[in-house]
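The values are calculated or read from the model by the stated rules, or taken from the named source; none is laboratory data. Keep in mind it's a predicted model, so treat the numbers as computed, not measured. Counting neighbours? That spans all protein chains shown, and the Cβs are built from the backbone with ideal geometry, glycine included.
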Amino acid sequence: MKALILAGGAGTRLRPITHTRAKQLVPVANKPILFYGVEAMVAAGITEIGVIVGDTRDEVMAALGDGSRFGAEITYIAQDAPLGLAHCVLIAQDFLGDDDFVMYLGDNLMEQDLAAFVAAFGSARVGAAPPTAQILLKQVPDPHRFGIASLDADGHVVHLVEKPDDPPSDLALVGVYLFTSRVHDAVAAIEPSARGELEITDAIQWLIDEGERVRCELLTGWWIDTGKLTPLLEANRLLLEQIETRIDGSVDAASSIEGRVVVAEGAEIVNSTVRGPVAIGRGARIVDSFIGPFSAVGANCVVERSEVEHSVLMDDSSVSDIARLADSLIGSDATVRRSTQKPRSLRLMVGDHCQIDVE
């Protein structure tokens, strides 16, 4: 089995961060979002991975390399324009060949045992009425925003529709799919939708209409599309909930570590309180400050005389003399500092290489 990971989206909903970086490389819990997907594939025993790249291809390729650091072999497939998920399958056909494959949206995170999901497809393939596709569904409160599936009384997928005005159910397609090579016939047969894209829902519907079986599973855990600030911070919170305390950096006698905290090698905590779950990156320096729960402070960041809570500080950023920074995303090599003596409480999304002086 192979994997196809989609990392070509522009990430307009995360601007200004995505003006200067790929949305799939924004970190949560101090690790780029895209890395979680690659690691999940390798953990499921899938090491041949194709990655769809777009305008940010150079950055994605530099981050993932040839895949050897993950125990994988990565092939890059260029998509010149965002023409839909099914279009990604179409342009990846040479890479995929006749193999079964997982298609995974590179900006999604989920609480799902991917290995078990893949194994279930393999087991079903050797049984009676083997499926040609398998989808993961999640009940959502706003189904008009997603591809939606309808099931019959026996739980079989009978109909799919993309972002319907009048949703037939509340079962959204989560960003992971399993296919046999039969899907290549489907993506070649469908036409672009009204929004000019080849929809994966249309391709799966074509399979159903051709008499093919599409298997589904319901996701009971969490699933987050990290394309906006609030869900990205929620993903950061959920992943930080899973960390275990590890102190590889230095913590002076005047500092306090409370709860589950990771302090990476080379990081320094000086006269400060860190209340977990918190991840402090390699080479970061926390001085006379409070780092509160659900914060991820990236490599080589500096936080001085400030309080930070429920926020992501990307590598090489600095925060100084801020009374409270909460629910925020601070880009790489950005500076947020107070320029007057009046305390301020802030909620910010700051792009890379910016300087914010708070009056």
Original post:
When only residues in segment 185-217 that are of a type in the set (A, V, I, L, M, F, W, C) and over 26 Å from the mean Cα position of the chain (by Cα) count, which is surrounded by the fewest Cβ atoms within 10 Å (Cβ to Cβ)?
Top reply: A194
**OP:** Might you let me know whether segment 255-277 holds any residue that is in contact with a helix residue (DSSP H, G or I) (Cβ under 7 Å, 6 or more places away or on another chain) and of a type in the set (G, A, S)?
**Re:** no
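Conditions (1) assigned by TED's automatic domain parsing to the domain that holds A22; (2) in contact with a His (Cβ under 8 Å, 6 or more places away or on another chain); (3) without any contact (Cβ under 8 Å) to a residue 12 or more places away in the chain; (4) of a type in the set (V, I, T), marked per residue:
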{"residue": "S272", "(1), (2), (3), (4)": "no, no, no, no"}
{"residue": "P277", "(1), (2), (3), (4)": "no, no, no, no"}
{"residue": "I291", "(1), (2), (3), (4)": "no, no, no, yes"}
{"residue": "F294", "(1), (2), (3), (4)": "no, yes, no, no"}
{"residue": "S306", "(1), (2), (3), (4)": "no, no, no, no"}
{"residue": "T335", "(1), (2), (3), (4)": "no, no, no, yes"}
Original post:
Can you spot a residue in segment 241-252 that is in contact (Cβ under 8 Å) with a residue 40 or more places away in the chain, hydrophobic (A, V, I, L, M, F, W, C) and either surrounded by fewer than 19 Cβ atoms within 10 Å (Cβ to Cβ) or not assigned by TED's automatic domain parsing to the domain that holds D100 (or both)?
Top reply: yes
Original post:
What do you reckon, is S193 on the phi < 0 side of the Ramachandran plot and either out of contact with any Pro (no Cβ under 9 Å at 6 or more places or on another chain) or not assigned by TED's automatic domain parsing to the domain that holds K31 (or both)?
Top reply: yes
Subject >> Hits in segment 72-116 (condition: acidic (D, E) and surrounded by fewer than 16 Cβ atoms within 10 Å (Cβ to Cβ)) >> reply: E73, D80, D94, D98, D99, E111, D113
Original post:
Can you tell which of D152, D107 is touching a Lys or Arg at 6+ places or on another chain (Cβ under 6 Å) and either within 26 Å of I224 (Cα to Cα) or not aromatic (F, W, Y) (or both)?
Top reply: D107
Original post:
Which one is nearest to the chain's Cα centre (by Cα), of the residues in segment 252-265 that are of a type in the set (G, A, S) and in a loop (DSSP other than H, G, I, E, B)?
Top reply: A264
Original post:
Do we have any residue at all in segment 338-351 that's under 19 Å from A284 (Cα atoms), charged (D, E, K, R) and either assigned by TED's automatic domain parsing to the domain that holds R282 or modelled with pLDDT under 75 (or both)?
Top reply: no
Original post:
Counting only residues that are over 26 Å from the mean Cα position of the chain (by Cα) and in a loop (DSSP other than H, G, I, E, B), how many does segment 294-337 have?
Top reply: 5
**OP:** Within segment 266-293, count every residue that is under 23 Å from E234 (Cα atoms) and assigned to a strand (DSSP E or B).
**Re:** 8
